[in-house]
Amino acid sequence: MAGKDRGASKIVKVAAAEFTAGAARKSQIPPEAGPEIAFAGRSNVGKSSLLNMMLARKGLARTSRTPGCTRQINFFDIAISGGPELVFVDLPGYGYAKVSKTESREWKKLLEDYLRERTTLEAVVVLVDARRGIEQEELDLVEFLGLRQGLPVFIAVTKLDKLTRSAQKPCVSAIARAAGVSVVGTSAETGAGREELWSRLLSVTTHRARDDGKTV
């Protein structure tokens with residue numbers, strides 16, 4: 001799982017990807033449209049780098065040397081060559097940013113309301129730094145997402161290239177055992193895990209579209 005993309009022979013090509021909206025308040029969240037896939041993780045987990053890797057764009061999702069700079073929910077319209085149109089949702093980072101307790105509570109409510117209520121949300125990817133392993137905040141988030149019955153949850157283990165090759169598979173396996181959800185090892189530096197994660201996400205959206213009687 002850490003070294004090879006299982007069953008990922010097809011390379012996903014992103015035909016178009018653009019930032020469409022940023023929401024710092026619930027009233028700014030755009031109307032529900034296409035299927036959404038949300039990405040959540042600690043402020044310094046490498047979320048922007050993973051999104052740019054997935055979209056094959058260098059600077060679409062902003063990266064920063066100062067964790068916690070993203071203070072809104074960002075929406076990106078995505079078109080897959082020969083595939084569906086999706087919305088990627090970049091959720092604000094948590095667990096590091098130096099903000100007031102009031103602002104932290106506001107972020108928490110904004111995220112939780114979105115995750116609970118958004119009917120077009122079809123999957124959530126929780127990011128975990130390979131060097132830190134899974135911590136209580138990530139476990140709490142996975143548990144919270146589990147309350148929404150039928151919502152697929154995946155973990156993307158980031159920065160896998162920072163570990164020795166012999167340590168990669170045990171790291172991914174340990175996180176999978178702790179979280180009890182599907183886990184993919186990734187690296188924005190090497191591109192590892194891109195096709196496997198895409199395969200799982202597209203499988204979810206295709207399956208749901210068929211269940212809804214839509215054509216993909």
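Coordinate-derived values only; no laboratory data. Model, not experiment: these values are computed from the prediction. FYI the Cβ positions are ideal-geometry reconstructions off the backbone, even for glycines, and counts take in every protein chain you see.
Values computed for the structure shown
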quantity: Computed E for L139/K26 - FRET, C-beta separation, R0 25 angstrom, nearest 0.05; calculated: 0.45
quantity: For peptides 140-149, 171-180, 49-58, sequence by mean Cβ density within 10 Å, most packed first; calculated: 49-58, 171-180, 140-149
quantity: Point-to-point label distance, S166-R57, nm (Cα→Cβ direction, 7 Å offset); calculated: 4.1 nm
quantity: FRET efficiency for R116 and V181, using Cβ-Cβ distance with R0 set to 22 Å, rounded to 0.05; calculated: 0.75
quantity: Surface/4 of the Cα convex hull for region 14-211, nm²; calculated: 10.7 nm²
quantity: Listed peptides 154-167, 16-29 by packing density, highest first (mean Cβ within 10 Å); calculated: 154-167, 16-29
quantity: Whole-Hz couplings from phi, Karplus 6.51/-1.76/1.60, listed for region 135-141; x for Gly and Pro; calculated: 10, 4, 4, 5, 5, 5, 5
